[in-house]
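Taking it in order: structure first as structure tokens, then the write-up.
Bear in mind that the values in this text are calculations on the coordinates, not laboratory data. Given the structure is predicted, the values throughout are model-derived calculations rather than measurements. Glycine gets a Cβ as well: all are built from the backbone with ideal geometry, and neighbour counts include every protein chain shown.
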Amino acid sequence: MSRLEILKKLREKNPTLNHQELENILDIFSESLEKALLDNKNIELRGFGKIFVKKIKAKYNARNPRTSQLIYVPEKNKVRFRASKKLKKLINK
């Protein structure tokens, strides 16, 4: 689902708000998510799921498959999503 599709759905649910107000709401929501993830905070949306940052350890013995050369893969952070029971049940109907 794209940003425009989300804005159309929001406009259907809230016809009193104009396009600029809906864009501001979506921007504030996404900025809040970004800021929380940068601060290593978990984001829990009840009935939807949990978004969190997971630290991936460094790998010292990774290998380039093309050249078979050993390479070092540094430590990094990845964003992960864990679906709620309600969402899993809804998807697997």
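Here are the numbers for this structure:
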item	result
Förster radius 41 Å - calculated FRET efficiency between SER68 and ALA36, Cβ distance, rounded to 0.05	0.50
Mean separation of Cα contacts under 8 Å, 6 or more apart, over the residue count of the chain: relative contact order %	21 percent
Greater than 24 Å apart at Cα, pairs in LYS41/LYS85; LYS50/LYS78; LYS8/LYS78	LYS8/LYS78
HN-Hα J in Hz across region 73-88 - Karplus 6.51, -1.76, 1.60, θ = phi - 60°, x for Gly and Pro	10, x, 5, 8, 9, 10, 8, 10, 10, 10, 6, 6, 4, 4, 5, 4
Diffusion constant of region 1-40 at 25 °C, which comes from Stokes-Einstein with the Kirkwood Cα-pair radius and 0.890 mPa s, µm²/s	225 µm²/s
Environment charge at SER2 (Cβ cut-off 12 Å; Lys +1, Arg +1, Asp -1, Glu -1)	+2
Highest-fluctuation residue, ILE28, ILE43, ILE51 considered, GNM on the chain with Cα pairs under 10 Å	ILE28
Most fluctuating residue given options LYS35, LYS78, LYS59, as computed from a GNM of the chain linking Cα atoms under 10 Å	LYS59
Calculated SAXS-style log₁₀ I(q)/I(0) at q = 0.13, 0.21, 0.23 Å⁻¹ - the chain, Debye, Cα scatterers	-0.71, -1.09, -1.15
